[in-house]
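Everything below concerns the one structure shown next.
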Amino acid sequence: KALKPTFPIEHYRYVGMGSMWFSDFILMHKALSIKDMVSIEGGDAERAKFNKPFKCITVMEGITSDVLPDLDWGKRSIIWLDYDYELRSDVLSDLEFLAQHASSGSIVIVTNNAEAVKFGKEEKERLEKLRGLAGSLFPSPVPANAMATEGFPSFLADILFNHLEWAAMHGGKAISFYPLFNYYYSDSSRMVTVGGMLTDETDKRRLNNKLKNAKLDRKAGRNQTRINVPPLTAKEKAHLDRRLPCLKPPS
């Protein structure tokens, strides 16, 4: 919202992976008024079509690597690739494609599982597997706790940022990737979400000017913010909602 009117977000297209619940689509439509929406569904596409909450959502069947090239990237977009698994080569390929094809002003967001154990039981094994994935973009030097449970989310975010920045720089379009946020949270598993804007020089100046004047609590660039919210029941959420808006946390 803070980017408007410099960046007319309500006229953007939203591309996500709605599955059966479309929680992010509901948010993007209600909070940002986006009406052009595409959900990539690699599983039961017919069930997803039945469950889509708005007529303006188009469900496209297939995996991201097959569907993304079929979309028109001339339109500015918000793309949120919400993977429920760990960093893999297909994730990096998808991000490389977006960084090199999405238009300036587009926002790319990616979520990955951030459980270090997914890469092996021993820290040395984790290090080698990640180094093999990231190649020359592997962060250096490696922090002492990078392969430990608590240090891994921040290190994973660095790999994702490095890849997006490199891919944008080598796309041949004079586009760069501007990091905007970096979140770490845990529900059933530790997860990392990073995001930023693809910008040409004109959009980079516009974005910088906009951010200087915007009062944003969560715009941190590469710095990681931990979201620490416990799972809430429907009754607990309703109880909190009834107390909003409020300037101070309830006692």
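The values are calculated or read from the model by the stated rules, or taken from the named source; none is laboratory data. The structure presented is a predicted model; accordingly, all values stated were derived computationally and were not measured. Glycine gets a Cβ as well: all are built from the backbone with ideal geometry, and neighbour counts include every protein chain shown. For accessibility, only protein heavy atoms count, side chains too; no ligands or nucleic acids. Shrake-Rupley method; radii C 1.70, N 1.55, O 1.52, S 1.80 Å.
Structural remarks
- Test for LYS212: is it part of a helix (DSSP H, G or I), surrounded by 10 or more Cβ atoms within 10 Å (Cβ to Cβ) and of a type outside the set (Val, Ile, Thr): no
- The condition of being out of contact with any Cys (no Cβ under 6 Å at 6 or more places or on another chain), crowded, with 17+ Cβ neighbours inside 10 Å and closer than 27 Å to ASP24 by Cβ does not hold for LEU137.
- Lone qualifier among ARG206, ARG131 - being modelled with pLDDT of 95 or more, surrounded by fewer than 19 Cβ atoms within 10 Å (Cβ to Cβ) and under 30 Å from ALA2 (Cα atoms): ARG206
- Where SER251 falls short, out of the listed (1) closer than 26 Å to MET191 by Cβ; (2) without any contact (Cβ under 8 Å) to a residue 40 or more places away in the chain; (3) of a type in the set (S, T, N, Q): (1)
- If the condition is being under 27 Å from GLU10 (Cα atoms) and β-branched (Val, Ile, Thr), then the stretch 97-130 contributes ILE107, VAL108, ILE109, VAL110, THR111.
- Whichever residue in the stretch 21-79 is touching a residue at least 40 places away in the same chain (Cβ under 8 Å) and over 18 Å from the mean Cα position of the chain (by Cα) and, among such residues, is farthest from GLY105 (Cα to Cα): VAL59
- Residue ID - nearest to PHE138 (Cα to Cα), chosen from residues in the stretch 71-84 that are open to solvent by 20 Å² or more (accessible area, probe 1.4 Å) and in contact with a Lys or Arg (Cβ under 8 Å, 6 or more places away or on another chain): ARG76
- Per the conditions (1) polar (S, T, N, Q); (2) farther than 21 Å from SER93 by Cα; (3) part of a helix (DSSP H, G or I), the sole criterion not satisfied by SER136 is (2).
- Within the stretch 171-180, the set of residues being touching a strand residue (DSSP E or B) at 6+ places or on another chain (Cβ under 7 Å) and either open to solvent by 30 Å² or more (accessible area, probe 1.4 Å) or under 15 Å from ALA102 (Cα atoms) (or both) comprises ILE175, SER176, PHE177, TYR178.
- Within the stretch 147-166, being among the small types (Gly, Ala, Ser) and over 21 Å from the mean Cα position of the chain (by Cα) holds for one residue alone: ALA148.
- Total residues in the stretch 85-96, condition out of contact with any strand residue (DSSP E or B) (no Cβ under 7 Å at 6 or more places or on another chain) and either surrounded by fewer than 17 Cβ atoms within 10 Å (Cβ to Cβ) or under 20 Å from ASP24 (Cβ atoms) (or both): 4
- Residue match in the stretch 181-198 (condition: out of contact with any strand residue (DSSP E or B) (no Cβ under 9 Å at 6 or more places or on another chain), open to solvent by 60 Å² or more (accessible area, probe 1.4 Å) and either at positive phi or at pLDDT 95 or above (or both)): no
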